[in-house]
Amino acid sequence: MAKKKPLVVVTRKLPDAVETRMRELFETRLNLDDRPMTQAELVEAAKTADVLVPTITDRIDASVLSQAGENLRLIANFGNGVDNIDVETANNRGISVTNTPGVLTEDTADMTMALMLAVPRRLVDGIRAIETGEWGGWSPTWMLGRRIWGKRLGIVGMGRIGTAVARRAKAFGMSIHYHNRRRVASELEESLEATYWDSLDQMLARMDVVSIHCPRTPATFHLLSARRLKLMRPEAYIVNTARGEVVDESALIRLLESGDLAGAGLDVFEHEPAVNAKLMALTRTGQVVLLPHMGSATIEGRIDMGEKVIINIRTFMDGHRPPDRILPSML
């Protein structure tokens, strides 16, 4: 008798190639219209699935997990972060959790560099001037921005993405500085000519650009607090392609409005998908460039994520530890 295929419930629309492969391998329930599931629908999915495949916008918290069916043994997150999942509760209930690390590194680093250029060089202002007909020809003093060559970049979180950003920024002639829970290998430091700062406060006070690349955990919530943001120089810029909750958004807005911070490039927001109206207003002053959480949004990246999900499911169903399993001790 053929082995029964596991029921895999997918909460959002995934690339066609990924969904096709899932349907070949598993009994798969898809979300073809891509409407985000309500909490009640997530509970129903957890009750019936052998494997749940949520995305980073689905809150798989203790209330959902407490109602999960006995068959649910794996939550294979379609995303690198797992702050949307109560990993400890899942672990206590015997439910494994996996993620999709590594495949989004280069895409997110590319977008970080795009923002790092867009804000100081006023790219959005320039586009708007063309669209509105404001541009009347070249002028030596019009639309002046700031160069990034020779500037000091402070990276908060020197993991895969932070390191990829550092490599790109070095090629642009920036001086690399970083703060991390642990100092990186000396060989990497030497290749990047990077300076390690044990004190985040001291690093922030000396940088021209600060780029956020740490995960969202209880320890990193508002890591860049109002107090820390005030340490930054008025000429400095902040770029965030990690998680919105790492930065005290209200404090950031106040500093931008008062001119105590030069600008910000944000791909993530503290209360997304809601975007603070004051941030929206700041886009019209040219101080802020906002993107809709699209740092990892490439066709190649999404397909690679899906392949990671499939590998984790197949490995788990074959009775082995999936390669990307997340344990509470890792957070």
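Along the charge dipole of the chain, pointing to its positive end and built from +1/-1 on Cβ of Lys, Arg, Asp and Glu, which listed residue (THR220, LEU115, VAL156) has its Cα farthest out?
Result: VAL156, furthest along the dipole toward the positive end.
Give me the 1.4 Å probe accessible area per residue for the chain, excluding ligands and nucleic acids, in Å².
49 Å²
Below 11 angstrom from the Cβ of ARG73, what's the summed charge of the other residues (Lys, Arg +1; Asp, Glu -1)?
Values: positive: ARG93; negative: ASP50, GLU70.
Residues near ARG73 contribute -1 overall.
In whole percent, how big is the carbon plus sulfur part of the accessible area of the chain, probe 1.4 Å, protein atoms only?
52 percent
What does the charge dipole of the chain about its Cα centre add up to, to the nearest 20 debye, if the Cβ of each Lys and Arg holds +1 and the Cβ of each Asp and Glu holds -1?
420 debye
For segment 9-164, with only Lys/Arg (+1) and Asp/Glu (-1) charged at the beta-carbon, what is the dipole magnitude about the Cα centre, in debye rounded to 20?
Working: 18 positive and 21 negative charges, 165 e Å.
Dipole size: approximately 800 debye.
Multiply the residue gap between ARG23 and LYS278 by 0.36 nm, knock off their C-alpha separation, and tell me the result in nm, one decimal place.
87.3 nm
Over the heavy atoms of LYS13, what accessible area does a 1.4 Å probe trace out, to the nearest 10 Å²?
70 Å²
Could you tell me the calculated FRET efficiency between ARG167 and TRP135, based on Cβ-Cβ distance and R0 = 51 angstrom, to the nearest 0.05?
0.90
Please compute the net charge surrounding PRO101, taking Lys and Arg as +1 and Asp and Glu as -1 over other residues with Cβ under 12 Å from its Cβ.
Net of charged neighbours comes to +1.
Running a GNM on the chain with Cα contacts under 10 Å, which residue among ARG152, ARG216, ARG181 ends up with the highest mean-square fluctuation?
ARG181
Roughly what % of DSSP beta bridges within the chain run antiparallel, to the nearest 5?
Values: 2 of 38 bridges.
Antiparallel bridges: around 5 percent, rounded to the nearest 5.
Per 0.36 nm of contour for each residue apart, how much would the distance between LYS47 and TRP149 grow if the chain were fully extended, relative to their Cα-Cα spacing?
Full extension of this stretch gives 31.3 nm more.
Of PRO323, ALA274, LEU290, whose Cα points farthest to the positive end of the dipole of the chain (charges on the beta-carbon: +1 Lys, Arg; -1 Asp, Glu; origin at the Cα centre)?
PRO323
Assuming a ≥ b ≥ c are the square roots of the Cα gyration tensor eigenvalues, decide whether segment 228-282 counts as rounded (a/c under 1.5), prolate (otherwise, with a/b larger than b/c) or oblate.
prolate
Eight or more residues apart or on different chains, and alpha-carbon atoms under 25 Å: count the Lys pairs in the chain matching that.
14
The values are calculated or read from the model by the stated rules, or taken from the named source; none is laboratory data. Everything numeric in this text was worked out from a predicted model, so none of it was measured. Here the Cβ is made from the backbone with ideal geometry for all residues, glycine too, and neighbour counts use every protein chain on show. The protein model used for the area step is the full one, side chains on, heavy atoms only, and it has no ligands, DNA or RNA in it. Shrake-Rupley method; radii C 1.70, N 1.55, O 1.52, S 1.80 Å.
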